[in-house]
Amino acid sequence: MITEHAICTIPEGHSLWRHFAIKVQRKGSTDEWVLIHCGYYLVPNGEWSPDARAALRFDEKLALEVAEHWAPRVESNGRTAYEAMEAGLL
């Protein structure tokens, strides 16, 4: 049984991959999935929160679609992966 996927805009082998990856993770034995970025959960107001109880819950297909939408927008040290690449940091 698959319990986690990872979505990222940079290749998996890159040393900074984990800083830009979104985990799509199954919660419990139900078909509820949450999005996690660097230990923070996507919550209803569109922010990332450390509170797992407040996390939005999706079915697997929708969770993957939402993660694909968010992947280019997540930031590490105040920059998206694209901005970090443009600055020569990737």
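The values are calculated or read from the model by the stated rules, or taken from the named source; none is laboratory data. A quick note: this is a predicted structure, and the numbers were derived from the prediction, not measured. When we count neighbours, we look across all protein chains shown, and the Cβ atoms used for this are built from the backbone with ideal geometry, even at glycine. Each accessible area value is taken on the protein alone, full model and side chains, heavy atoms only, with ligands, DNA and RNA left out. Shrake-Rupley method; radii C 1.70, N 1.55, O 1.52, S 1.80 Å.
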Return only the number of the condition from (1) among the aliphatic types (A, V, I, L, M); (2) open to solvent by 80 Å² or more (accessible area, probe 1.4 Å); (3) modelled with pLDDT of 95 or more that Leu89 does not satisfy. (3)
Taking the stretch 27-46 only, how many residues are within 12 Å of the chain's Cα centre (by Cα) and open to solvent by 30 Å² or more (accessible area, probe 1.4 Å)? 4
Can you tell me which residues in the stretch 65-86 are closer than 15 Å to Ile10 by Cα and either assigned to a strand (DSSP E or B) or out of contact with any Ser or Thr (no Cβ under 8 Å at 6 or more places or on another chain) (or both)? Ala67, Glu68, His69, Trp70, Glu75, Ser76, Arg79, Thr80, Glu83, Met85, Glu86
List pairs: first residue in the stretch 20-34 and free of Cβ contacts under 8 Å to residues at least 40 places away in the same chain, second residue buried (at least 16 other Cβ atoms within 10 Å of the Cβ) and aromatic (Phe, Trp, Tyr) anywhere in the structure, Cβ distance under 8 angstrom, at least six positions apart or on different chains. Gln25/Trp33; Arg26/Trp33; Lys27/Trp33; Glu32/Phe58; Trp33/Phe58; Val34/Tyr41; Val34/Phe58
Leading residue by the ranking (most open to solvent (accessible area, probe 1.4 Å)) among those in the stretch 11-26 that are of a type outside the set (Lys, Arg) and either at pLDDT 95 or above or touching a helix residue (DSSP H, G or I) at 6+ places or on another chain (Cβ under 6 Å) (or both): Gln25
Output for Cβ contacts, cut-off 9 Å, separation at least six or different chains, first residue closer than 12 Å to Arg26 by Cβ and assigned to a loop (DSSP other than H, G, I, E, B) in the stretch 50-64, second at pLDDT 95 or above and among the aliphatic types (A, V, I, L, M), reads Arg57/Val34; Arg57/Ala63
